[in-house]
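What follows is a set of notes on a single structure, which appears directly below.
The values are calculated or read from the model by the stated rules, or taken from the named source; none is laboratory data. This structure is a prediction, so every number in the text was calculated from the model and none was measured. Protein only, heavy atoms only, side chains kept; ligands, DNA and RNA dropped before computing areas. Shrake-Rupley method; radii C 1.70, N 1.55, O 1.52, S 1.80 Å.
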Amino acid sequence: MKTAVPCYYHLDVEVSPERVGQVSRILAAHLRHWDLETLVEPVRHGTEMLLRAIDEHAKDKNTSIEMWWNGQHLITAIGDNDRALRPDHELRACLRHLAAMSDGWGCCATETGSKVIWFSQRARAGERAPLVPIAPAPSLREALRVPRATPVTALADAAGVWDGVLEEAR
């Protein structure tokens, strides 16, 4: 079940080909710890894609990765320190793929001139396990007794009505 407790994780890393897989496993472990197993693959895929692009194109490989969980959405943000790498040039194909696989994404510049690329994944209600009705447990209390019903014919005889009905039927 999805937890509604907000969660946050931050990781600073120098990107290299071998670190991409390590970072991916670290993020997956945090998502499993937060009980967000269904979001592991999309987050791993998006993060690996962005880290590989940074490793391939960026001069400064120092990167910050953050994840926020607010109970409904998981936002993953990757910030690099390379001022030369602009998202509208080398990263176009990567960003198109990121936009197709996520519920939302964006890119923004920081005060230092670097950029942050983020994407969000929503925990879908259909991913939760359906509730299964259970039978009520037997009670140890004694059940109330139903009062004895007086037969209708006895009441009718007492009122003299039944005799009139029988005579009309003959």
Looking at 31, 98, can you tell me which residue is part of a helix (DSSP H, G or I) and closer than 21 Å to residue 5 by Cα? 31
Let me spell it out: the conditions are (1) open to solvent by 60 Å² or more (accessible area, probe 1.4 Å); (2) under 15 Å from residue 117 (Cα atoms), and residue 37 meets all of them except one. Which number is the exception? (2)
Condition test on residue 66, is it closer than 24 Å to residue 122 by Cα, open to solvent by 80 Å² or more (accessible area, probe 1.4 Å) and of a type outside the set (Val, Ile, Thr)? no
Condition test on residue 60, is it farther than 14 Å from residue 80 by Cα, open to solvent by 20 Å² or more (accessible area, probe 1.4 Å), of a type outside the set (Val, Ile, Thr) and in a loop (DSSP other than H, G, I, E, B)? no
